[in-house]
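One structure is given here, and the rest of the page talks about it.
The values are calculated or read from the model by the stated rules, or taken from the named source; none is laboratory data. Keep in mind that what you see is a predicted model, and the values were worked out from it rather than measured. Cβ coordinates were reconstructed from backbone atoms using ideal geometry, including for glycine residues, and neighbour counts include every protein chain displayed.
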Amino acid sequence: MRILVDMDGVIADFEHGFLEDWRATYPDKFYIPFEERNTFQLTDQYPEDLKALVGQIYCEPGFFRKLNPIAGGIEALWEMDRLGLEVFICTSPLKIYQNCVIEKYIWVEENLGVAWTKRLVMTRDKTLVRGDILIDDKPVIEGADVPAWEHVLYDQPYNRTAEVSHKRRLTWANWKEVLWEVNSVAGHAQSQKD
Ligand SMILES: [Mg+2]
């Protein structure tokens with residue numbers, strides 16, 4: 001079974017990295033506490049006059065490189081590997097890619113080891129990547145193709161919207177149970193066809 005794992009909001013803590021830098025840079029400006037975040041795109045929840053400044057924070061050199069891992073994520077990737085699952089990291093770079101692309105590679109090397117950089121798939125269109133499961137915090141993932149993977153939503157406060165209530169949710173605390181369930185359902189569907 002091939003598992004594609006997203007980076008930001010799944011193994012790399014983009015939201016807390018942003019908040020930390022935002023509050024350090026603009027201590028007197030408005031901010032949204034993590035638990036109150038309710039839009040997938042960070043800038044969507046900030047007022048018009050702050051959107052450009054918000055965007056600048058995560059385009060700064062060093063932003064992506066120094067993101068903390070999300071608790072349990074690194075361990076889960078190693079455990080998947082030990083269990084014989086084929087794991088790839090599947091991430092979309094920012095449109096302003098200058099720092100983000102290289103720093104995603106560095107992040108993977110620093111947090112998982114250089115061998116994992118060979119398993120990094122960087123694309124703006126994840127529907128083109130083949131896999132059985134995509135673990136991603138983005139509620140709706142669309143692109144040029146019909147995806148081969150089932151999208152399992154990595155649970156975050158900002159993606160708890162009604163439109164995706166039908167999708168399975170996973171965290172690094174329950175990932176084994178959820179993946180087992182997805183796999184056994186998929187296996188059952190296959191045996192019905194045979
Ligand atoms: Mg993400």
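Observations, loosely collected:
- Exclusive hit being within 17 Å of ASP136 (Cα to Cα) and of a type in the set (Phe, Trp, Tyr), set PHE63, PHE18, PHE40, PHE34: PHE40
- Residues within segment 107-128 that are over 20 Å from ASN159 (Cβ atoms) and assigned to a loop (DSSP other than H, G, I, E, B), tallied: 2
- Of everything in segment 1-51 that is buried (at least 19 other Cβ atoms within 10 Å of the Cβ) and in a strand (DSSP E or B), the residue that is nearest to the ligand (Cβ to nearest atom) is ASP8.
- Unique match (being at pLDDT 95 or above and farther than 24 Å from GLY62 by Cβ) among TRP180, TRP149, TRP107, TRP116: TRP149
- Against the conditions (1) away from the ligand (no atom under 15 Å from the Cβ); (2) aromatic (Phe, Trp, Tyr); (3) touching a Ser or Thr at 6+ places or on another chain (Cβ under 9 Å), TRP149 satisfies every one except (1).
- Lone unmet requirement of (1) in contact (Cβ under 8 Å) with a residue 60 or more places away in the chain; (2) farther than 25 Å from VAL54 by Cβ; (3) buried (at least 16 other Cβ atoms within 10 Å of the Cβ) for LYS104: (2)
- Selection from segment 52-77 of residues that are in a helix (DSSP H, G or I) and out of contact with any Leu (no Cβ under 8 Å at 6 or more places or on another chain): ALA52, LEU53, GLY55, GLN56, ILE57, GLY73, GLU75, ALA76
- Flag if ASP49 is closer than 21 Å to THR123 by Cβ and not small (Gly, Ala, Ser): no
- Selection of first residues in segment 145-172 that are in a loop (DSSP other than H, G, I, E, B) and of second residues that are modelled with pLDDT under 90 and of a type in the set (A, V, I, L, M), restricted to Cβ pairs under 7 Å at least 6 apart or on distinct chains, gives the following pairs, ordered by first then second residue: ARG168/VAL182.
- Failed item in (1) within 16 Å of the ligand (Cβ to nearest atom); (2) over 19 Å from ASN159 (Cα atoms); (3) of a type in the set (D, E, K, R); (4) surrounded by 14 or more Cβ atoms within 10 Å (Cβ to Cβ), with LYS95 passing the rest: (4)
- Take the conditions (1) surrounded by fewer than 17 Cβ atoms within 10 Å (Cβ to Cβ); (2) part of a loop (DSSP other than H, G, I, E, B); GLU177 misses just one of them, which is (2).
- None of ILE102, ILE135, ILE89, ILE70 is of a type in the set (Val, Ile, Thr), under 19 Å from LEU42 (Cα atoms) and either within 15 Å of the ligand (Cβ to nearest atom) or modelled with pLDDT of 95 or more (or both) except ILE70.
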